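Here's the structure, in structure tokens; my notes come after.
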């Protein structure tokens, strides 16, 4: 005696968020049933294992049928197959596009290609995220990337409109797209301590200030590609380290301002030239695609690590960078104030975000 | 040339990719009506084409307008090879043909392909211009409104209820034509879908004609079914109740309660071929119809038919015959009777009535007949249609053994059963078939009843405002329980007592009916869903042998189902069943029986006695111990159930039965002083004395004797039966369930609802199962389904599963299929809890009144005051504390299984009376075709277009369409009926595994069917479907070939509703706003 067929269909979609999450997480039906039963589903309404099994199957099928629609969320709103109340639609989409920070951290900056997809089982093993879930997340990244790649207008807004995501999630996707497009290196061991949120924040800074979109908001790829002119202009900043006078002058201005305000003053003073060279060198090399990729690793190696070894506190860091940036304005021979601000504004906030254990 | 149909193809969206190379589609559309086809231009390389076509105009007969669907085919243009079909949309334009209807159908329709399912959507506009006045179109029946709803639709009053209409149409099934061997599955499915569409269009037109002939303008309780007879052909048949409906002004409609729909009904039918037999009131049921009457088989030896002896289950009665002795009444009654008698079949497919309409209920009447199918002879008449649609009636003269004749037989039988119960009408009537290979079981059932003569007069009375109740002999809260038959001439032995409400008339101990609980009935506690399930093995056989075997088994099955129902009812401490439907399904090697009903404690009826277990061998200690255990469990269960369902019958009545007997009589005579008509006189007139006197004494004897039902444990079977009795789990806390329109005892619905369909198929692995094992499996299957529902819908608690409609089938050997459609509705817990507290009923006028009012008021929050509450005359002075426990049926005797079925039958006839089992089936049949929507959108065309077109662009969301099997939506008012939805779909796959197996396949198909229903309703401007039912779900699978095919037939009424809250604000405008704005659920 076996159940040959078992189907339950509601006029309005019937789903439990718990089961949806299990499905998204890549549990098989049987595993999901186990999880639910361990979680106490049996205590409710005199359920037994068969009931839970049947309920789980029904929902899994529903989700599978919805999956096609979830690939283009705007269709979900005007499709006729399922009647889904608006708040449910939002939940379905938001959860479908949600990702594990652990997983995304592994993929961030990698090319969203078949090659990477093949490595997903390694990532799955490493992060503990089920392979099925890894595939979904990876495909989501790829899908969003493909769609917004060719669109004009602000990246975050495009993502929000095409995928009906919340603002927060849209920003995260913008970061993912941005990283994937510029292929920033994030996988090096030295960068491992950075979380996805750190990097997403930095990406947001870069998108808002360094891309074409920061100056012109009607260009294709405006938020994905860095502003080439700006990168070119950054070369001019070299004067800050090549001109000895300027360098000394800058150092004394900064030191004057810092003196007595921090315990790490001595280290700051001693390292000033090194640190300044590091930051300016990063700026001047950004015309080079390879160096763009190494942007984060450079920041860590050239600036964050030295500071950390000198035991600067976050407050020290803030103080230092503020004065470092502002003092440049007082340098009378330094003419590139605008470029400097645009550069340092981003660098400052990135470093603040990245300066932690 | 009476009509011009115009169609415009606006746009498509979400089309499938048809060209792999470009990932795009070059789509165009063919629009076909009758034999005329138009095409749009090809819209190249797009998945969201904007055709924006011109208006395609079809000039057609109105007859065709009624029969034919508009057929829209979306294709992919291919320069080098044949164009590929993407899918089709069939649009029934019938809704556009009513005078008050919408003038446009407009909206997005899913493009459906029988192999691939839904493939994108298409936006279409359809209009009809009728050139002549509607009245002239008598050859067609444009303008007759159809309703699936089995009560008078809200917002209407029935000026006249004309009565029963039926029709059937037969054709060859395309699936079985020779050409099917060479055409593709798609072509064959489409031929079938289209044929069924045409047939149901024609059927509806013909029924409409009959209605017009009778002078009516609408069909209520329209029930259309399909019989897929395989080689023998395809039958589409329909029954309904013809009425003349009048629209209520919005003002007055406010005052109608959902269940007491405004109406006055006058029945007066001008049917010509009526028979004029005087009503035999006290007639005893003679009916044990000859079991093997090979009706009509003389002519063709091939044609075999067995009419199964049917039972009259009775149950109740009304004493009214005796009571209303006033000359006027008598006269009226006479008139009524004649009016009804004139009609060939005084049947009503309605299940709930305006209050006052139903006077007395006699019990369930049912008839079944086993037939052998033969190929339908379809004389080829010169017919220009693409399909030859023949009216079977037209050839009946030559072919007496037609389906028409079969049904005629059955209806006659039902009619005579009703007469035997002293009733002149049958309400809650339904018919259905079950086919297995060449054997076909036809069943019909209903509830014998006496209708109020007042409503039989033509054109009379608006019930709503009248004071007629004062002349009414029986109060509405209990009147319908009073026996309609003569107590001295009862059709069967029954335990009669005086009504616990009014004390003036006799009531039976138990009442079974197929109708809904009358809204003004006095009950205690809540109702509950009761189901009896039964499996019986049978030997495989062919032809006549098989048919005989089946017909021999049927009476046993009905008997056992009845016994089970009775026991379960007692176990729940209840005394009446409503909405009873008994379904018997045949397979090659087994028969399945499923009886569902809603149990209720009617306070007018005596409290049910307990169940007492008796052992056969008193000497055996072990055994005695065992029996005591069982007895204890039973008693515990009864006690638990009483609490669970809050059944607190009036304690005062629980006095010594003997006292009751004594006082009772006096009471009636003295206090009420009712003019009881001399029963003796009557009996003399109609029946033999000996019988009546026997019964009388029998009755007296049994009266005070026992108060418990005795179950005898004499063999293992009986033990099994008792165990199974106790295995029914009550619904978990917070849940209630019923199969009727409303849940007795719950009134304060909130607006959340969830309609669902669930299908489960079980494969029996072990070929050598015993009856017991099978029963267990079947019972578990049903119980587990219920458990699943409770679990899935747990978030809606407190909630009630209403209108639980189970249908069983044996699709092939070793498979059992159960399909359920129901709706879960939430209610407000607090209010309900208050009620039971007040419930305990006392006697006496004033209290009785309160009690009655109770429910009324509750319901009234939504709508209004019921005029009748004021007029109850029920009471007997309170002082008399009478008591009762009447029910003592000695069931022990049944336990002795009879060796011959004849004996059994005889027994049955006896037993049944008390229980009143009737067999009734609800709309279960197969059916039909896609028909569509009715029209009439409330908006002006321009506006609707605007609204819709805005919908079509961008991400604007789809408007919500609610669906429910009930005739109402809680918290809302239905402001317009747009027409019936009647759709038939076939889905087939040759890649079953890839679609997720049978479950995946059916899951998406059911979802698609819902989607298509919603889309058609929305295109008509509607926002809900009421009285929705899935009449058929036929699944054929062949997993080895990776194939599966499924047919689904659904129907319902498309409506526009407005929420009560919005209503107050809007007052008079019928806003489309509600259509769009409503988002809940």
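Data overview
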item	result
Index of the failed condition, residue A:76 passing every other in (1) part of a loop (DSSP other than H, G, I, E, B); (2) buried (at least 19 other Cβ atoms within 10 Å of the Cβ)	(1)
Failed condition for residue B:1021, given (1) more than 23 Å from residue B:228 (Cβ to Cβ); (2) within 14 Å of chain A (Cβ to nearest Cβ)	(2)
Test: residue A:81 is crowded, with 17+ Cβ neighbours inside 10 Å and more than 7 Å from every other protein chain (Cβ to nearest Cβ)	no
Positions within the range A:291-311 being assigned to a helix (DSSP H, G or I) and either closer than 19 Å to residue A:269 by Cβ or more than 20 Å from the chain's Cα centre (by Cα) (or both), in sequence order	A:301, A:302, A:303, A:304, A:305, A:306, A:307, A:308, A:309
Filter result for residue A:287 (over 25 Å from the mean Cα position of the chain (by Cα) and not in a helix (DSSP H, G or I))	no
Sole exception among (1) more than 12 Å from chain A (Cβ to nearest Cβ); (2) at pLDDT 90 or above; (3) surrounded by fewer than 24 Cβ atoms within 10 Å (Cβ to Cβ) for residue B:802, by number	(3)
Selection status of residue A:5, over 30 Å from residue B:730 (Cβ atoms), free of Cβ contacts under 8 Å to residues at least 24 places away in the same chain, crowded, with 17+ Cβ neighbours inside 10 Å and within 12 Å of another protein chain (Cβ to nearest Cβ)	no
Out of A:64, A:89, A:59, sole residue that is surrounded by fewer than 20 Cβ atoms within 10 Å (Cβ to Cβ), within 11 Å of chain B (Cβ to nearest Cβ) and modelled with pLDDT of 90 or more	A:64
Selected residue (criterion: nearest to the chain's Cα centre (by Cα)) from residues of the range B:797-817 that are assigned to a strand (DSSP E or B) and under 15 Å from residue B:586 (Cβ atoms)	B:807
Check on residue A:199, closer than 22 Å to residue A:301 by Cα, surrounded by 19 or more Cβ atoms within 10 Å (Cβ to Cβ) and in the same structural domain as residue A:347 (by the TED database)	no
Residue A:139, sole failed condition from (1) surrounded by 18 or more Cβ atoms within 10 Å (Cβ to Cβ); (2) within 18 Å of the chain's Cα centre (by Cα)	(1)
Residue match in the range B:985-1002 (condition: under 24 Å from the mean Cα position of the chain (by Cα) and more than 7 Å from chain A (Cβ to nearest Cβ))	yes
Those residues of the range B:562-589 which are modelled with pLDDT of 90 or more and out of contact with any helix residue (DSSP H, G or I) (no Cβ under 9 Å at 6 or more places or on another chain), in sequence order	B:578, B:579, B:581, B:583, B:585
Residues (part of a helix (DSSP H, G or I), closer than 12 Å to residue A:93 by Cα and more than 14 Å from chain B (Cβ to nearest Cβ)) located in the range A:139-169	A:140, A:169
Residue selected from the range B:749-787 under the condition more than 24 Å from the chain's Cα centre (by Cα) and in a helix (DSSP H, G or I), by the criterion nearest to the other protein chains (Cβ to nearest Cβ)	B:777
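The values are calculated or read from the model by the stated rules, or taken from the named source; none is laboratory data. Please read these numbers as outputs of a predicted model, since none were measured by experiment. We place every Cβ from the backbone using ideal geometry, glycine too, and count neighbours over all the protein chains shown.
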